[in-house]
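Worksheet: one structure, shown below.
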Amino acid sequence: MAGWIIPPPHPPTKSADEFAAERRRKVESLEERGLLGSPGIKAALLKVRREDFIPPEYRDYAYDEVPLPLPGACATISCPHSYPLFYEPLGLDRGHRFLEVGTGSGYGAAIAREVVGEEGLVVSVELDPLTHEFARRNLADAGYHDVLLVLGDGARGYAAAAPYDRVAVTAACDDVPPPLLAQLRAGGRAIAPLYEDSRQVLTLVTKGPDGVTRRASLCDVLYVGLRRLEGAEPIPRTASRAPPRRGGSR
Ligand code: SAH
């Protein structure tokens, strides 16, 4: 998980009001930067208390643009702008059945739960038992009792609740694992950071009504790698991708 600097841990000092003010300012800045446009995603970012998804020793940094360590072997909560960065091009919306691979803190699942509303569904798969348990507690404490949390290898998706309208992989991989595309309904969209040589490129995959997938490169990002369980079958690379547009950030 090299590639960014972790700020020094210390006991939390900020009040709920200070966090609330930082949350409002963050949403304003995401709008100013053109990263946030849809009212549903904005309302979710204003509502969910990101600080409640971060271990106490890093909580004061909740609204800084930096990924922060979580319990588990290789987990981080992505930096705040990552969520609209993924969810805006996905067009995540009310009523969607949404699959997240890499639950991490549970914050991304909470945001998605707010966006898809009661008529939608959020399923999130995490490989690391410690991280899974951390997310489970965070989501329960925040009142999200209807996010379906799965402990397992997210590269296999979660067929029991398929098909999904939208899929987000929040760890870097060579290609979107084929089971995830198989579990995506025709007309659906998936997003993932894909390795391109020494870079990672956030890539949007759309599945046409005929089931054929098309890829668009969005921007460079930096995520922890998608891990595979020992003995898991390798993921074949599938279609080639368009050259990426430079200039994004994690
Ligand atoms: N979406 C998270 C951030 C995820 S960081 C959030 O909002 O906080 C990436 C996560 O992917 C880590 O928790 C890591 O443990 C998990 N991960 C890595 N490989 C995985 C796999 N094969 N299946 C499921 N989760 C995986």
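The values are calculated or read from the model by the stated rules, or taken from the named source; none is laboratory data. Keep in mind that this is a model prediction, so the values were computed, not measured. Neighbour counts run over all protein chains shown; Cβ positions are idealised from the backbone, glycine included. Note: accessible area is taken over every heavy atom of the protein model, side chains too, but ligands, DNA and RNA are not part of it. Shrake-Rupley method; radii C 1.70, N 1.55, O 1.52, S 1.80 Å.
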Check: Going through the range 76-98 one residue at a time, which ones are outside any loop (DSSP other than H, G, I, E, B), within 17 Å of SER29 (Cβ to Cβ) and touching a residue at least 60 places away in the same chain (Cβ under 8 Å)?
Finding: SER82, LEU85, TYR87
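Mind listing whichever residues of the range 127-148 are more than 12 Å from the ligand (Cβ to nearest atom) and not charged (D, E, K, R)?
ALA140, ALA142, GLY143, TYR144, HIS145, LEU148
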Check: Looking at ALA20, ALA43, which one is assigned to a helix (DSSP H, G or I), away from the ligand (no atom under 13 Å from the Cβ), surrounded by fewer than 22 Cβ atoms within 10 Å (Cβ to Cβ) and touching a residue at least 40 places away in the same chain (Cβ under 8 Å)?
Finding: ALA43
Check: Any idea how many residues of the range 114-126 are crowded, with 24+ Cβ neighbours inside 10 Å and away from the ligand (no atom under 11 Å from the Cβ)?
Finding: 3
Notebook entry, point to check: Does PHE53 qualify as being in contact with a Phe, Trp or Tyr (Cβ under 8 Å, 6 or more places away or on another chain), under 20 Å from ILE5 (Cα atoms), among the aromatic types (Phe, Trp, Tyr) and open to solvent by less than 30 Å² (accessible area, probe 1.4 Å)?
Noted result: yes
Checklist line | Complete set of residues in the range 185-220 that are hydrophobic (A, V, I, L, M, F, W, C) and surrounded by fewer than 22 Cβ atoms within 10 Å (Cβ to Cβ) | finding: ALA186, LEU204, VAL212, ALA216, LEU218, CYS219
Notebook entry, point to check: What residue, among those in the range 79-108 that are touching a Ser or Thr at 6+ places or on another chain (Cβ under 9 Å) and aliphatic (A, V, I, L, M), is most open to solvent (accessible area, probe 1.4 Å)?
Noted result: LEU85
Note to self: Taking the criterion of being over 17 Å from ASP141 (Cα atoms) and within 12 Å of the ligand (Cβ to nearest atom), would at least one residue in the range 90-97 satisfy it?
What the structure shows: no
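Say whether the condition of being open to solvent by less than 60 Å² (accessible area, probe 1.4 Å), within 14 Å of the ligand (Cβ to nearest atom), on the phi < 0 side of the Ramachandran plot and modelled with pLDDT under 95 is met by at least one residue in the range 227-249.
Yes, that holds for at least one residue.
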Check: Inside the range 52-90, can you point out the residues that are closer than 16 Å to LEU222 by Cβ and over 16 Å from the mean Cα position of the chain (by Cα)?
Finding: ASP64
Checklist line | Single condition ILE111 does not satisfy, out of (1) open to solvent by 30 Å² or more (accessible area, probe 1.4 Å); (2) assigned to a helix (DSSP H, G or I) | finding: (1)
